[in-house]
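For reference, the structure is listed below as structure tokens.
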Amino acid sequence: MLSLSVDSVYVHKVWNESELSKMVPGGVPFPMLSDPGGKIGREYNVYNEDTAVDLRGTFIIDPDGVIQGYQVLTSVVGRSTDEIIRLIHAFQIVRESKEKEFTPADWKPGMMVLKPAVELVGRVWEMWKPDRSRE
Amino acid sequence: MEVRTMIKAGKPAPDFSAPAYYQGRFTHVELSRYREQWVVLYFYGGDYTFV
């Protein structure tokens, strides 16, 4: 986990000490990166030129350095940490299976995965139902 | 003209290095040093906001 904003490392330090450490004992456990002028934000297309800050961009990068997924939100709505963790679990399972197993919509850890095969075409309905995945 | 990297799912993440604050110290982070690990990049608007 690497967090990024246009703030300096000095502001990161004071924010961590004065506020974040009151929410997380010992302060945040990951590096807080400084992105002055939104240089990295521009690279990742999450920099808002009008407000001169980065948008709420989340990128999941695999051990080969490949972006497996991303989400970008405006500044008004916060993200779901549970969803980020769910996605990482799912990508890890697929990677460990060497892409022989895929995870369907609303999959959560512990649920069945799909093994893509010719026989599966047209028969996903037998294994996956919208209501079941919401249990 | 500014050349922009294409951000796409399934494509390599652009590398970068940045100054960082990490557990009481000032340090430097390079994305490429995190190979062999899963990484979440978490951009947000600013310190002292809700993220």
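Coupling constants for region A:39-52 follow from the phi torsions by the Karplus curve (6.51 cos²θ - 1.76 cosθ + 1.60, θ = phi - 60°), and in residue order they are 4, 6, x, 5, 4, 9, 6, 10, 8, 9, 4, 5, 9, 6 Hz; glycine and proline get x.
Per residue, the accessible area of chain B comes to 67 Å² when a 1.4 Å probe rolls over the protein heavy atoms. Chain B and region A:63-131 have their alpha-carbon centroids 23 Å apart. Per-atom-type breakdown for the protein assembly as shown gives carbon and sulfur 57% of the accessible area (1.4 Å probe, protein chains only).
Annotated for the protein assembly as shown: lysine pairs at least 8 residues apart or interchain, Cα distance under 26 Å, count 20. Simple spin-label estimate for A:E101 and B:S17 gives 4.0 nm between the two label positions (7 Å along the Cα-to-Cβ direction from each Cα). Close amide-amide hydrogen proximity is noted between A:V53 and A:N48, each under 5 Å apart and 5 or more residues distant or on a separate chain (H modeled in the peptide plane; Pro and chain starts excluded). Here the 3J(HN,Hα) profile of region A:79-85, calculated from phi with Karplus coefficients 6.51, -1.76 and 1.60 at θ = phi - 60°, is 8, 9, 5, 4, 5, 4, 5 Hz, Gly and Pro shown as x. Less than 5 angstrom separates the built amide H of A:V66 from those of B:A13, all sequence-distant by 5 or more or on a different chain.
Between chain A and chain B, roughly 4700 Å² of accessible surface gets buried, counting both sides and using a 1.4 Å probe.
What does a probe at A:D64 reach in region B:6-44, counting residues whose amide N is under 16 Å from the point 7 Å along Cα→Cβ? The answer is B:8-14, B:35-39.
The values are calculated or read from the model by the stated rules, or taken from the named source; none is laboratory data. In this text the structure is predicted, and so the values were computed from the model without any measurement. Counting neighbours? That spans all protein chains shown, and the Cβs are built from the backbone with ideal geometry, glycine included. Surface accessibility is based on the protein's heavy atoms, side chains included, excluding ligands, DNA and RNA. Shrake-Rupley method; radii C 1.70, N 1.55, O 1.52, S 1.80 Å.
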